[in-house]
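Please treat every number below as a calculation from the coordinates, not as lab data. The structure displayed is predicted, hence computed values, not measured ones. Because the Cβ atoms are built from the backbone with ideal geometry, glycine has one as well, and the counts that use them run over all protein chains shown.
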Amino acid sequence: MKQTINIFWFKRDLRTIDNTALTKAVKENNKLLLIFTFDNALLNDKHYTTRHHNFINESLYDLNLFFKKFGCKVHSFEMNIISLFEELKSKFNIEKVFSHMETGLKSSYDRDLKFKKYCNKNNIEWIEEINNGVFRGLQSRKNWILNWNNYMKKKIRVFNPKVEDFVTLNKKSQFERKIIKPKKSKFQCGGSTYALQYLETFLETRIDKYQSNISKPELSRINCSRLSPYIAWGNLSTRYIWQRAKEKLNHGKSKFQINGFTSRLRWEAHFIQKFEMESDMEFRSVNRGYEKLDKNINKTHIRAWENGETGYPLVDASMKCLIETGYLNFRMRAMLVSFFTHHLWQPWKAGVVFLANNFLDFEPGIHYSQFQMQAGETGINMIRIYNPTKNAKEHDNEGLFIKKWIPKLKKIPVPLVFEPWKLSEIDQEMFDCKIGFDYPKPIIDISKTYKFAASKLWTIKNDIEVKKESKRILKKHTNSDRTAFDR
Ligand SMILES: Cc1cc2nc3c(=O)[nH]c(=O)nc-3n(C[C@H](O)[C@H](O)[C@H](O)COP(=O)(O)OP(=O)(O)OC[C@H]3O[C@@H](n4cnc5c(N)ncnc54)[C@H](O)[C@@H]3O)c2cc1C
């Protein structure tokens, strides 16, 4: 007779601490099989690249070090969930599946819908827990902040399993994927062990200069938490982070710094909630009125932006840094989007996947909402057209970030390094940087593109459909007083 078991399906919750679904699953009578699968939604979706797959591998490696004590591991596969269940069903009688709700792209949403049907048909109960305070089935944001706060304050249950709680597979499936030991790289390494180190060093000391350095491209790398990939892939829950941060208030940490940080944890949930309630913003402007914005693809401009060769040092340094390390602070991300959608006047749809590919912390809900917001296409937010030169002067005032990522500009002193096109022939000789050869001439003139974009965006803001849509968005996605939303 086949053994009756339950299954825990790891998704973007690659952790054991405050993993509600997992804690619940081990309390059941049936033994638990732990699985993860690199399915089509991960391997073939255009948003994901090797850096994401490696981060998941590292997280699974870390999980397996933990589960080794219990004589088990997370079995990892390279196949679709239904085929995997078909294979498992030939060995076991599966009673229940536990996982967290995923607010994902269309590819994972469709997968989950099919899996739900499969479970119903096969008499398998699929129990999904709320993830990071994002609620399913909401029609409006009434009481959302209250509910999110209550969720954050809930006591975290200790995960205390026993060896006999788990079952493992004796025979290796041909689809099982080997989880390899992480190699040293320029990206943050996945796994809760690393996540906890980032959290503790942040709350101990790095947070002291959080608010003052948050917009600086170089110093933000130290003084921001750098927890985003760990939150995006679920190596830590935002509730665990929130509670650890609030505890620090009792240890004399500044309220200003802690509250600035914890409010961003709420923004995380806010943006994902928005995507949960309106996921077709993956394919169209959240404010449908902006679909008629007249923008033509310019492949040369797109290539220059993607390669960090626009001739605007802060834009190029940010792109090169992102490609190399997978991370950028908020302001530089916003500036890259603004440059692309405003100064280059390119449609947001032509740039959104490229940044997703490169953000190690790619989180569909935040990414799509923020990209459209920075493109100025929501109709409800302030239009911000970033001036990359002004931003460089203000946030990289010694040019250290620029010089780090564009070594050819190393010898140019400030303020000329912010505007290298102003170098005279003699300067170019002296500083060993020939403009148009060692470093590109600006591909556009931002004083002209600023005026053009501003006029177009202000005009369309008064369009009847844009206004109608703005009202709809405000009603659906914000509180009546709009507190705490959409920064
Ligand atoms: C165009 C664009 C795309 C973005 N795409 C992503 C993405 O795919 N994944 C992602 O995690 N963040 C994204 N962000 C938000 C933000 O830039 C990053 O969360 C932040 O820079 C991560 O650094 P940190 O962990 O050191 O942040 P901290 O300042 O230490 O903040 C702590 C956490 O709060 C959340 N958070 C911080 N700022 C924001 C914000 N503005 N909106 C929503 N949540 C926030 C993140 O989970 C972050 O890890 C995007 C921003 C822009 C402008």
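The convex hull around the C-alpha trace of the stretch 377-487, projected and averaged over every direction, spans 9.3 square nanometres. Here is the size of the stretch 3-131 from its Cα atoms: Rg then Dmax, 14.1, 40 Å. Below 14 angstrom from the Cβ of residue 185, what's the summed charge of the other residues (Lys, Arg +1; Asp, Glu -1)? Taking every Cβ under 14 Å from that of residue 185, the sum is +3. Provide the net charge surrounding residue 122, with neighbours chosen by a C-beta distance below 14 Å and charges set as Lys +1, Arg +1, Asp -1, Glu -1. That sum, taken over residues with Cβ under 14 Å, equals +3. Each listed q (0.16, 0.27, 0.33 Å⁻¹) maps to a log10 I(q)/I(0) for the stretch 83-130 from the Debye sum over equal C-alpha point scatterers, namely -0.47, -1.13, -1.29. Projecting the Cα atoms of 300, 161, 92 onto the dipole axis of the chain, where Lys and Arg carry +1 and Asp and Glu carry -1 at the beta carbon, places 161 farthest toward the positive end. Bridge orientation summary for the chain: considering DSSP beta bridges with both residues in this region, about 10 percent are antiparallel. Scaling the Cα radius of gyration of the chain by the globular reference 2.2 N^0.38 Å produces a ratio of 1.04. Sorted on the mean count of surrounding Cβ atoms within 10 Å across their residues, most packed first, peptides 278-286, 10-18, 73-81 read 10-18, 73-81, 278-286.
Coordinate range of the alpha-carbon atoms in the stretch 107-206 per principal axis, descending: 47, 44, 33 Å. Rounded to the nearest 20, the size of the Cβ-charge dipole of the chain about its Cα centre is 960 debye, with Lys and Arg at +1 and Asp and Glu at -1. Taking the longest Cα principal axis of the chain as reference, the axis of helix 50-68 is set at about 40 degrees. The radius of gyration of the Cα set in the stretch 192-269, together with its Dmax, comes out at 11.5, 31 angstrom. Give, to the nearest whole percent, the P(r) tail of the stretch 281-477 beyond 32 angstrom, counting all Cα pairs. Cα-Cα pairs in the stretch 281-477 separated by more than 32 Å: 18 percent.
Between residue 120 and residue 448, how high is the FRET efficiency from 1/(1 + (r/R0)^6) when r is the Cβ-Cβ distance and R₀ = 51 Å? Nearest 0.05. Computed FRET efficiency for residue 120 and residue 448 comes out at 0.30.
Net charge in the neighbourhood of residue 82 (other residues with Cβ under 13 Å of its Cβ; Lys, Arg +1, Asp, Glu -1) is +1. Taking Cα centre as origin and charging only the Cβ of basic (Lys, Arg, +1) and acidic (Asp, Glu, -1) residues, the dipole magnitude of the stretch 281-477 rounds to 840 debye.
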